[in-house]
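What follows is a short report on a single structure.
The values are calculated or read from the model by the stated rules, or taken from the named source; none is laboratory data. Since we're looking at a predicted model, the values are computed, not measured. In this analysis, Cβ positions are derived from the backbone assuming ideal geometry, glycine residues included, and neighbour counts consider all displayed protein chains. Note: areas computed on protein heavy atoms with side chains; ligands, DNA, RNA excluded. Shrake-Rupley method; radii C 1.70, N 1.55, O 1.52, S 1.80 Å.
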Amino acid sequence: MSEQRFELVYSPIVSIFKTLWRTLDLQFDIRGESNIPRTGPAIMAINHVSYLDFALAGTAALPAKRFVRFMAKREIFDHPVTGPLMRGMRHISVDRKNGAPSFVEALKYLQRGEIVGIFPEATISRSFELKDMKSGVTRLAIDSSAPVLPTVIWGSQRIWTKQLARDFSRSRYPISIYVGAPLYFQSDPEGSLILLKEAMQGLLDKAINDYPDSPIGQRWAPARIGGTAPTPAMIEAERRKEI
């Protein structure tokens, strides 16, 4: 297997995160990494439970000697510190008010044989359940003929997520990253999205069931498994009050 090529910005950032994972003494359970192609295009469709999910999904692709080009909101690219890093790693800026340019850019990346990472939920799920997903991921798959890799991350919400205190202590948190078998879509973006969400839900349920720490009474766990995270209904009620 050929060695991963060196990139001036991406390679050092990978080394920094590898050091962070060792410092935190994270206990990784990565499954299905063999589903990530060693060459050619692919789309990683990833659930979103924490601010670290970009780096963790990218970590799962390293055994395949691949770098993932993530689609991320424009505000990250506008930041004076993170912006140059995101551009240096050749990630894709997404304007939520006008997604067409980012779609075209992602399509070009796939045509060049890159792996593109997408969070179809668009934002972090405060309930830690799968939220409604946007069909851009399946439209991109149909237009590019690239396989979609359903991917779930579990446990990262214990380190850094919305409305919870960060915990960068050496807590040995278990982190699960499951990559499912590739899915190929040829038509019907909305119907394909249903199939993708079903595949991601199956992986998420398995990751939760396999997780070694008890969720009972824990703020990082969904209410349906005994945790105390807000339910999707509670979050929707909050949203409606703010309108």
(message) Every residue in the range 33-53 that is over 19 Å from Ala106 (Cα atoms) and of a type in the set (Ser, Thr, Tyr), please.
(response) Ser34, Ser50, Tyr51
(request) Run down Ile43, Ile13 and say which single residue is at pLDDT 95 or above and part of a helix (DSSP H, G or I). (result) Ile13
(message) Considering only residues that are of a type in the set (S, T, N, Q) and closer than 19 Å to Thr123 by Cβ, which ones fall in the range 205-243?
(response) Thr231
(message) What pairs come out if I take residues in the range 98-121 that are closer than 19 Å to Leu193 by Cα and in contact (Cβ under 8 Å) with a residue 40 or more places away in the chain and pair them with residues that are of a type in the set (Ser, Thr, Tyr) and open to solvent by less than 20 Å² (accessible area, probe 1.4 Å) whose C-beta lies under 6 Å away, six or more apart or interchain?
(response) Val116/Tyr109
(message) I'm trying to understand the selection: among the residues of the range 61-85, which are of a type outside the set (Phe, Trp, Tyr), in contact with a Phe, Trp or Tyr (Cβ under 9 Å, 6 or more places away or on another chain) and closer than 15 Å to Leu149 by Cβ?
(response) Ala61, Val68, Arg69, Met71
(message) Name the residue that is farthest from Glu129 (Cα to Cα), counting only residues in the range 151-172 that are part of a loop (DSSP other than H, G, I, E, B) and touching a strand residue (DSSP E or B) at 6+ places or on another chain (Cβ under 7 Å).
(response) Arg172
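When you check Asp143 against the structure, is it out of contact with any strand residue (DSSP E or B) (no Cβ under 7 Å at 6 or more places or on another chain), in a loop (DSSP other than H, G, I, E, B) and open to solvent by 20 Å² or more (accessible area, probe 1.4 Å), yes or no?
no
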